[in-house]
Amino acid sequence: MPDQLLFAIEVTLNGLMAGVMYALVALGFVLIFKASGIFNYAQGVMALFAALTLVGIQQGQVPFAHLINATFGTEIHYFGWTVPSLLAIALTVVVMVGLAIAVEKLVLKHLVNQEPIILFMATIGLAYFLEGLGDIMWGADIKRMDVGLPQGLNTVIDDTTFGWFGYGFFIDNLDLIATAIAAGLVLALMIFSQYSREGRALRAVADDHQAALSVGISLQFIWILVWSIAGFVALVAGIMWGTKLGVQFSLSLIALKALPVLMLGGFTSIPGAIVGGLIIGVGEKLFEFLVGPLVGGATENWFAYVLALIFLVFRPQGLFGEKIIERV
């Protein structure tokens with residue numbers, strides 16, 4: 001088999017892995033949009049905040065240390081202990097649930113039945129608030145995340161493909177784990193959305209807040225639930241991206257790559273988030289491989305957005321999104 005074809009297969013496989021990482025972020029957008037009709041601009045910052053909180057707890061960092069030291073003239077930065085990864089993850093989940101409760105109490109509760117643009121603007125404010133809060137709580141320096149996930153070349157795949165083709169495929173262990181976790185999350189969320197009582201209530205709230213209230217559905221509980229789940233998804237995405245790239249404030253920009261994923265898959269489809277992520281991941285890698293050398297490279301920076309623009313023109317609801325029909 002020609003080396004160029006083997007390299008293209010390797011690029012495709014790595015594109016699939018990257019697509020799963022994009023889809024992890026897109027899942028948070030889909031969950032909140034399905035349940036409340038809100039496009040949550042803060043989802044990327046939630047992933048950043050969750051990753052910062054996890055690393056801070058794990059390393060025994062004192063929250064608001066810089067503010068405390070500046071106020072009282074102290075030099076306290078760490079408690080002097082470290083927290084095991086599983087316990088740190090569990091504590092971070094508690095923090096994200098607390099954040100969901102705070103968002104419902106302080107923001108969403110006062111915006112019932114408001115126009116979607118009002119809710120969208122509220123999430124923009126929330127994004128900037130969380131980014132500033134994360135900076136004050138944990139500091140702005142780049143942090144290394146280590147929760148025990150294996151990284152680097154998968155030697156089994158490398159040895160096997162080298163034995164078959166005389167060319168070893170470079171597949172990252174972290175990407176393989178992210179794929180498995182994303183598949184499990186999607187399956188669990190699909191079952192929850194379709195077959196649980198709370199999942200049906202989520203869809204009812206998305207259709208009409210007032211009607212849902214009139215049949216006894218607690219809007220408060222539903223919004224806390226869906227923002228808690230989205231917070232958990234953000235934590236998973238933050239762990240994966242933080243382990244891969246380091247925990248830094250540019251991590252919040254991964255939400256920008258999730259936008260084309262949503263436009264392709266549809267804002268209301270959980271499977272669409274995965275399919276859209278895979279299309280974007282594979283498409284940008286293959287486009288860079290095939291066309292990049294002809295146009296000077298760096299096509300990965302804009303390919304996804306051009307593809308999303310084409311979808312907006314010809315199929316604005318995405319591949320799996322619900323077609324909206326309005327009678328006037």
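Quick notes on this structure:
- Pairs with Cβ under 9 Å, 6+ apart, first in segment 138-167 and on the phi > 0 side of the Ramachandran plot, second part of a loop (DSSP other than H, G, I, E, B): 139/77; 166/1
- Flag if residue 306 is at pLDDT 90 or above and either at negative phi or outside any helix (DSSP H, G or I) (or both): yes
- Scanning segment 8-34 for residues that are under 19 Å from residue 174 (Cα atoms), in contact with a Lys or Arg (Cβ under 8 Å, 6 or more places away or on another chain) and open to solvent by 30 Å² or more (accessible area, probe 1.4 Å) yields 12, 14.
- Consider segment 264-303 and keep the residues that are outside any loop (DSSP other than H, G, I, E, B) and polar (S, T, N, Q). The one that is modelled with the lowest pLDDT is 301.
- Segment 153-173 - residue that is open to solvent by less than 30 Å² (accessible area, probe 1.4 Å) and touching a helix residue (DSSP H, G or I) at 6+ places or on another chain (Cβ under 6 Å) and, of those, nearest to residue 79 (Cα to Cα): 154
- Of the candidates 268, 243, the single residue that is of a type in the set (Val, Ile, Thr), surrounded by fewer than 24 Cβ atoms within 10 Å (Cβ to Cβ) and closer than 23 Å to residue 144 by Cα is 243.
- Where a residue in segment 60-78 is under 22 Å from residue 91 (Cα atoms) and without any contact (Cβ under 8 Å) to a residue 60 or more places away in the chain and its partner, wherever it lies, is of a type in the set (Gly, Ala, Ser) and open to solvent by 70 Å² or more (accessible area, probe 1.4 Å), with Cβ under 7 Å and at least six apart: 60/80
- Restricting segment 227-237 to residues that are among the aliphatic types (A, V, I, L, M) and out of contact with any Ser or Thr (no Cβ under 7 Å at 6 or more places or on another chain), the residue that is nearest to residue 94 (Cα to Cα): 229
- Selection from segment 201-240 of residues that are within 24 Å of residue 19 (Cα to Cα) and open to solvent by 40 Å² or more (accessible area, probe 1.4 Å): 232
- Among residues of segment 246-255, those that are in contact with a helix residue (DSSP H, G or I) (Cβ under 7 Å, 6 or more places away or on another chain) and in a helix (DSSP H, G or I), counted: 6
- Where residue 52 falls short, out of the listed (1) open to solvent by less than 30 Å² (accessible area, probe 1.4 Å); (2) out of contact with any Phe, Trp or Tyr (no Cβ under 6 Å at 6 or more places or on another chain): (2)
- Every residue from segment 121-142 that is more than 26 Å from residue 37 (Cβ to Cβ) and buried (at least 20 other Cβ atoms within 10 Å of the Cβ): 134, 138
- Selection of helices (runs of 4 or more DSSP H) fully inside segment 112-211 by the criterion of at least 2 residues being more than 23 Å from the chain's Cα centre (by Cα) and farther than 30 Å from residue 70 by Cβ returns 155-165, 197-207.
- Meets criteria (of a type in the set (A, V, I, L, M, F, W, C), out of contact with any Pro (no Cβ under 9 Å at 6 or more places or on another chain), closer than 18 Å to residue 35 by Cα and open to solvent by less than 80 Å² (accessible area, probe 1.4 Å)) for residue 189: yes
- The set of residues in segment 236-250 that are of a type outside the set (A, V, I, L, M) and touching a residue at least 12 places away in the same chain (Cβ under 8 Å) comprises 238, 241, 242, 243, 244, 246, 248, 249.
The values are calculated or read from the model by the stated rules, or taken from the named source; none is laboratory data. All figures in this text were calculated on a predicted structure; none of them were measured in a lab. Cβ coordinates were reconstructed from backbone atoms using ideal geometry, including for glycine residues, and neighbour counts include every protein chain displayed. Protein only, heavy atoms only, side chains kept; ligands, DNA and RNA dropped before computing areas. Shrake-Rupley method; radii C 1.70, N 1.55, O 1.52, S 1.80 Å.
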